[in-house]
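First comes the structure, then the notes that go with it.
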Amino acid sequence: MDWTDLIDTAFDVAGNSNSDNRAAALRTVEANVAPDEKPVASTAGRHPDHFRKGVLVLTTHRLLFLKDGKPPVPVPLAAVTDATVTKTRINGEVLLVVALTGSHRFEDVVKAEVFAEQVRAAARLARNAQRQELAAPAAAPAAAVSSGTELLDQLERLAGLHAAGALTDEEFSRAKQRLIG
């Protein structure tokens with residue numbers, strides 16, 4: 001699956017046949033993806049701040065919400081702690097993605113249960129990859145951190161992962177020692 005297939009699938013699910021919107025969504029995704037980021041899944045849904053449906057795009061790194069060429073709403077997968085679905089009469093299937101960055105609610109999501117499971121699985125993979133990166137020996141730990149502010153940012157991120165249960169006590173201690181040097 002490539003980015004075009006992913007966007008086309010989501011727009012088909014949303015019932016949106018506007019080729020300009022598809023092209024704008026594709027340009028937005030391609031402009032914002034990391035070099036090693038790959039498409040995983042997509043569906044249609046609505047952000048509570050928008051009336052019309054947009055596209056939810058799941059990648060190997062994050063969840064993106066795309067709407068009418070606006071900047072995407074990104075949710076990093078390594079920060080995702082849960083994805084749940086509830087059904088309401090007014091808003092249809094509601095996908096709630098809880099992350100260290102905050103919670104994100106998407107309404108009237110098509111095939112929300114399937115998509116939520118894909119988000120949970122992709123988040124587990126992202127957290128495991130992050131753990132492996134943190135556990136790998138650093139060539140020059142002191143050189144990797146160029147300033148005190150950077151060190152504090154990295155320590156806060158580690159503490160957040162530890163508090164969320166993404167890192168064990170032992171993994172947290174090792175990673176912290178590597179950063180401090």
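The values are calculated or read from the model by the stated rules, or taken from the named source; none is laboratory data. Everything quoted here is computed from the prediction, not taken from an experiment. What goes into the accessible areas is simple: the full protein's heavy atoms, side chains included, and nothing from ligands, DNA or RNA. Shrake-Rupley method; radii C 1.70, N 1.55, O 1.52, S 1.80 Å.
With a 1.4 Å probe and all protein chains left in place, how much of the accessible area of the stretch 1-104 comes from carbon and sulfur atoms, in whole percent? After summing per-atom areas, the C and S share lands at 52 percent. Within the full protein context, the accessible area of ARG120 is estimated at about 60 Å² for a probe radius of 1.4 Å.
For helix 112-135, what angle does its Cα long axis make with the longest principal axis of the chain, in degrees from 0 to 90 and rounded to 10? Tilt of helix 112-135: around 20 degrees.
Gain on full extension, evaluated as 0.36 nm per residue between THR168 and LYS87 minus their Cα-Cα distance, stands at 25.7 nm. Share of pairwise Cα-Cα distances greater than 25 Å in the stretch 9-119 is 13 percent (whole percent).
What angle do you read, to the nearest 10 degrees and between 0 and 90, between the alpha-carbon axis of helix 169-180 and the longest principal axis of the chain? Tilt relative to the chain: about 70 degrees. Given their separation in residues at 0.36 nm each and the Cα-Cα distance between them, LYS111 and LEU151 gain 10.2 nm when the chain is fully extended.
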